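The values are calculated or read from the model by the stated rules, or taken from the named source; none is laboratory data. Predicted, not measured: the structure shown is a model, and the values here were computed from it. Heads up, the Cβs are rebuilt from the backbone with ideal geometry, glycines too, and the neighbour counts pull from every protein chain shown. What goes into the accessible areas is simple: the full protein's heavy atoms, side chains included, and nothing from ligands, DNA or RNA. Shrake-Rupley method; radii C 1.70, N 1.55, O 1.52, S 1.80 Å.
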Amino acid sequence: MTVWRITDGEGGLESGRRASPHYDIVEHDTALLRIAGASASPWLRMAGEIDVSNARDVSRALGGALDRVPGDVHVDLAGVEFVDVAGLRAFTLTARELHARDRMLVLHSVSSHIERLFRLIGWSGTPGLRVHCHPRA
């Protein structure tokens, strides 16, 4: 489900301040996971849990960001508490697709347990994938 929302920034319709990047597309919104995007930016923000039940939605949102603008795709994972192997696979498959186009998937604010899972599975070295920010403590 893609829902277009017109906002003036991070705080919503009445915040009065602009945020960068400007999230104005809700790609997915369920009790388990919320994915917000930016129509003129390659950024996505995810919050909640990513698992086998919504990994296809994550892939769809990543593909939408990939198609919206040229360049690298950035994902803010600060609000993500859990990712299973299906979720990691969605990220790595997108990273490989981006790599084939000389682009990257850059994951920001990755929690230490998610970063560790990438390493344990051996997918931290996936071509086109970069865990850009240091993991949260």
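Neighbours of residue 44, meaning other residues whose beta-carbon lies under 14 angstrom from its beta-carbon, give a summed charge of -3 when Lys and Arg score +1 and Asp and Glu score -1.
The overall shape of the range 21-109, judged from the alpha-carbon gyration tensor, is oblate: a/c is not under 1.5, and a/b is no greater than b/c. If you plug the beta carbon distance of residue 49 and residue 119 into 1/(1 + (r/R0)^6) with R0 = 25 Å, you get a FRET efficiency near 0.80.
Note down the net charge around residue 123, summing +1 for each Lys or Arg and -1 for each Asp or Glu among other residues with Cβ under 14 Å from its Cβ.
Once positives and negatives cancel, what remains is +3.
Spacing of the modelled spin labels on residue 67 and residue 84, each 7 Å from Cα toward Cβ, amounts to 2.7 nm. Under 5 Å from the amide H of residue 131 lie the amide H atoms of 107, each residue being 5 or more positions distant or on a separate chain, with H modelled from the backbone and absent for Pro and chain starts.
Using a cutoff of 8 angstrom between alpha carbon atoms and counting only pairs six or more residues apart, the relative contact order for the range 36-122 works out to 32 percent. The heavy atoms of residue 30 offer some 70 square angstrom of accessible surface to a 1.4 angstrom probe. Heavy-atom accessible area for residue 120, with the other protein chains in place and a 1.4 Å probe, reaches approximately 120 Å².
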